[in-house]
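Structure, as structure tokens:
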């Protein structure tokens, strides 16, 4: 029997049991849709996170002191000085800029309004490394760091909390950090920037690191050093140079952790890829369940049509014709499910990305994988019922009531 | 053309062996019209399945046109059923989801005949049994007699040399049954070999010979007409 006739017979039989057909197709639809949804949501999230990290700065390397390094117990925290930044830069030729960064919780008061903010002590290099743009006024300058000046650049959120739509440039604000208070002059406001993890630049206020450490804080230690590699290619070399220098200074290799932005992106990519695989696998299980649904439908159909199989055999259908007929039904079911599931999965993936504000990313490979997987499911779960049908003894089948 | 020699068919029901056929032998020549009669359990269904190549004998040989078909595999048997044998069943056995035309096209489909040709042959066969105007109906929409005519048309399409009718009038009233038997008569008149299985003496008498089965063996073969005439009607009347 030709393939066209076989498909025609399959469609007629499936159409005759619309509800049953629809239910078993639904099983595959859900399976395929969830695989595609999960994988595309995962890859959307990955795109978003990596673009967030990229936006954080360019060729950035973060040097963070570890809290409890093993090895020498000597108070390596004494090392966390502002001048270490210059030493790092001098010791690591692949590093083009270093900014010491210190952060404290603080409260800013302007007239009758006040706002709490993360007070970040920086040097002008920071703006470049972390790619912060100034929307109003200007950024901090080197002389203000040298003089530990009371100048302040506000994050956009802090600025609007304090001044609303008024121009904050040149205004005096009071800053309270712990029990210390001082008056600062607002010199600039940063451009709004998407938050990443804990670091919401919009909710910060930037002052010279010298001012923060010497005037506002009892603890005179830098919390992080932000470095910039001379180029993207130089990042790995820069990381190695910084690590070597810090290990020699601290006398222990694990006193600091040195992480590059590229390394961070790689790590995040790995994590999200693992998550995506996990979600995709869980969704894949539902596809297998859908396959069992197809098998169940076909087994019922084979049992119901025992007599029909007998009649067809008596008219000259050979085992292969019958096998082909039921296998075609399985394939039609699973491919219908695959097609609808693909559409639904695409909508689902796009929907999740839209709700979460991620870039829409429906992977073509995930679509191909899900559809070919569903076809394979149809073949695998259709084979047993189809074999059962094809091997029926025509005499027994004809007697079946 | 049909040579059946010492055919046995043994079924094992658990530990008990049932001999459904126990050394059956007879010949049927081309163009013959033979009835197989016997009480239920005599083995007539089993014999019919073997003659129809739906089943294989446990021992003995069955030659169809000189070819020993008792040892053929499933696919070869399917091929013989398709090309050389036409079945007419008591239950009609039409596929309910297919139209009348679709049912008649089935054997042609399995023979690999292309769509247009298939339709032409099927239409011809339906016209032959007087159902040209019912082609696009479903089996549920036509009467029992019409269903059996469709079944005969379906049995005819591949121009088989043997038509096997298993109680073809069993589900029909006597008038309709008579019409069906008349069609079989005329097919036989055209040279088609017919084997008719029945337990009804008056139906069996349409044939030239009756093979009487009892307990899996041929009890006797009854000759019904002296002349091998194609005008069966008056002759049979004389014997009833």
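The values are calculated or read from the model by the stated rules, or taken from the named source; none is laboratory data. If you're wondering where the values come from, they're calculated on a predicted model, not measured in any experiment. No Cβ is skipped: glycine too gets one built from the backbone with ideal geometry, and neighbour counts run over all protein chains shown.
Per the listing A:351, A:357, the residue uniquely at pLDDT below 90, on the phi > 0 side of the Ramachandran plot and away from every other protein chain (no Cβ under 14 Å) is A:357. When A:56, A:67, A:19 are screened for being free of Cβ contacts under 8 Å to residues at least 12 places away in the same chain, closer than 30 Å to residue A:271 by Cα and away from chain B (no Cβ under 14 Å), only A:67 passes. Scanning the range B:99-133 for residues that are in a helix (DSSP H, G or I), more than 14 Å from chain A (Cβ to nearest Cβ) and surrounded by fewer than 19 Cβ atoms within 10 Å (Cβ to Cβ) gives B:120, B:123, B:124, B:127, B:128, B:132, B:133.
Every listed requirement among (1) farther than 23 Å from residue A:13 by Cα; (2) over 15 Å from the mean Cα position of the chain (by Cα); (3) part of a loop (DSSP other than H, G, I, E, B) is met by residue B:60 save one, (3).
On the given criteria, is residue A:118 within 25 Å of residue A:64 (Cβ to Cβ) and surrounded by fewer than 20 Cβ atoms within 10 Å (Cβ to Cβ)? Considered against the rule, which asks whether it is within 25 Å of residue A:64 (Cβ to Cβ) and surrounded by fewer than 20 Cβ atoms within 10 Å (Cβ to Cβ), residue A:118 comes out as yes.
Scan the range A:336-362 for residues that are part of a loop (DSSP other than H, G, I, E, B) and surrounded by fewer than 17 Cβ atoms within 10 Å (Cβ to Cβ) and report the count.
Within the range A:336-362, residues that are part of a loop (DSSP other than H, G, I, E, B) and surrounded by fewer than 17 Cβ atoms within 10 Å (Cβ to Cβ) number 3.
Flag not set for residue A:45, criterion: in contact with a strand residue (DSSP E or B) (Cβ under 9 Å, 6 or more places away or on another chain) and in a helix (DSSP H, G or I).
If you filter the range A:189-212 down to residues that are assigned to a helix (DSSP H, G or I) and surrounded by fewer than 22 Cβ atoms within 10 Å (Cβ to Cβ), you find that the one that is modelled with the lowest pLDDT is A:202. Applying the criterion of being surrounded by fewer than 18 Cβ atoms within 10 Å (Cβ to Cβ) and part of a loop (DSSP other than H, G, I, E, B) to the residues of the range A:70-86, the residue that is modelled with the lowest pLDDT is A:73.
For residue A:91, the test of being crowded, with 17+ Cβ neighbours inside 10 Å, in contact (Cβ under 8 Å) with a residue 60 or more places away in the chain and more than 32 Å from the chain's Cα centre (by Cα) is failed.
Take residue A:32 and tell me if it is within 13 Å of chain B (Cβ to nearest Cβ), farther than 30 Å from residue A:225 by Cα and buried (at least 21 other Cβ atoms within 10 Å of the Cβ). Here the answer is no, as residue A:32 does not meet what is asked. Residue check: is residue A:170 over 19 Å from residue A:98 (Cβ atoms) and part of a strand (DSSP E or B)? Considered against the rule, which asks whether it is over 19 Å from residue A:98 (Cβ atoms) and part of a strand (DSSP E or B), residue A:170 comes out as no. Of all residues in the range B:168-191, those satisfying the criterion of being assigned to a loop (DSSP other than H, G, I, E, B) and either more than 15 Å from the chain's Cα centre (by Cα) or within 13 Å of another protein chain (Cβ to nearest Cβ) (or both) are B:171, B:172, B:173, B:190.
Restricting attention to the range B:63-78, and to residues there that are closer than 16 Å to residue B:164 by Cβ and part of a helix (DSSP H, G or I), which single residue is nearest to the other protein chains (Cβ to nearest Cβ)?
Filtering the range B:63-78 for residues that are closer than 16 Å to residue B:164 by Cβ and part of a helix (DSSP H, G or I), the one nearest to the other protein chains (Cβ to nearest Cβ) comes out as B:78.
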